[in-house]
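Presented below is the structure to which this report refers.
Where a number appears in this text, it was derived from the coordinates with a stated rule and is not lab data. None of the values given here were measured: they were computed from a predicted structure. Here the Cβ positions follow ideal geometry from the backbone for every residue, glycine too, while neighbour counts run over all protein chains shown.
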Amino acid sequence: MKKSIDKSLEIKKVKPTAMRQLVLDILSKQDHAIGLPELEMQFAQADRTTLYRTLKTFVDKKVIHSIDDGTGTIKYAVCTDTCHCNPSELHVHFYCIKCGKTTCLTDIPIPDIQLPENYFAENINMVVKGLCDRCNRG
Ligand SMILES: [Zn+2]
Ligand SMILES: [Zn+2]
């Protein structure tokens, strides 16, 4: 477990500090994307600034990606080791209006969007809202 965490950090050229290992370990165990408040709850003595800085480093180094699901809280999810977060690699996210969970639909790429001439896409954020499979079944 710890080995793969270190490996992921190494691949993305992030120096493995104890804090980074811990945060990535927590993030990789989630079945949905979590925000800073939710991450903070996993720490007995949470230092919000340190956590935020760790998340920011991870986003910059493409260890994780951020998702603006429209709730006002930015969520974070782990990227694959080969991900560079280019627009062509991005996937659709799903926000469940019942359980409030935001999930990566990694198998569904964002469709190629034809922008007008001289427009350059740096990031695309596509969030589908509705009921997730768990909530839709119940
Ligand atoms: Zn749900
Ligand atoms: Zn995602």
ask   = With respect to THR73, is the statement that it is more than 14 Å from the chain's Cα centre (by Cα) and either β-branched (Val, Ile, Thr) or over 13 Å from LEU27 (Cβ atoms) (or both) true?
value = no
query = For residues in the stretch 114-138 being under 22 Å from the mean Cα position of the chain (by Cα) and more than 16 Å from ligand 2 (Cβ to nearest atom), which is nearest to ASP69 (Cα to Cα)?
reply = GLY130
inquiry  = I'd like the full set of residues that are part of a loop (DSSP other than H, G, I, E, B) and more than 14 Å from ligand 2 (Cβ to nearest atom), limited to the stretch 85-113.
reply    = ILE97, LYS98, CYS99, GLY100, PRO111, ASP112, ILE113
key: Subset of the stretch 10-22 [in contact with a Phe, Trp or Tyr (Cβ under 9 Å, 6 or more places away or on another chain) and assigned to a helix (DSSP H, G or I)]   = ARG20, LEU22
request  = Give VAL23, VAL59 a once-over and let me know the one that is free of Cβ contacts under 8 Å to residues at least 40 places away in the same chain, closer than 20 Å to VAL92 by Cβ and surrounded by 15 or more Cβ atoms within 10 Å (Cβ to Cβ).
outcome  = VAL59
ask   = Just to be sure, is VAL78 more than 20 Å from CYS96 (Cα to Cα) and either surrounded by 14 or more Cβ atoms within 10 Å (Cβ to Cβ) or within 15 Å of ligand 2 (Cβ to nearest atom) (or both)?
value = no
task = State yes or no: is ASP25 part of a helix (DSSP H, G or I) and either on the phi < 0 side of the Ramachandran plot or of a type outside the set (S, T, N, Q) (or both)?
result = yes
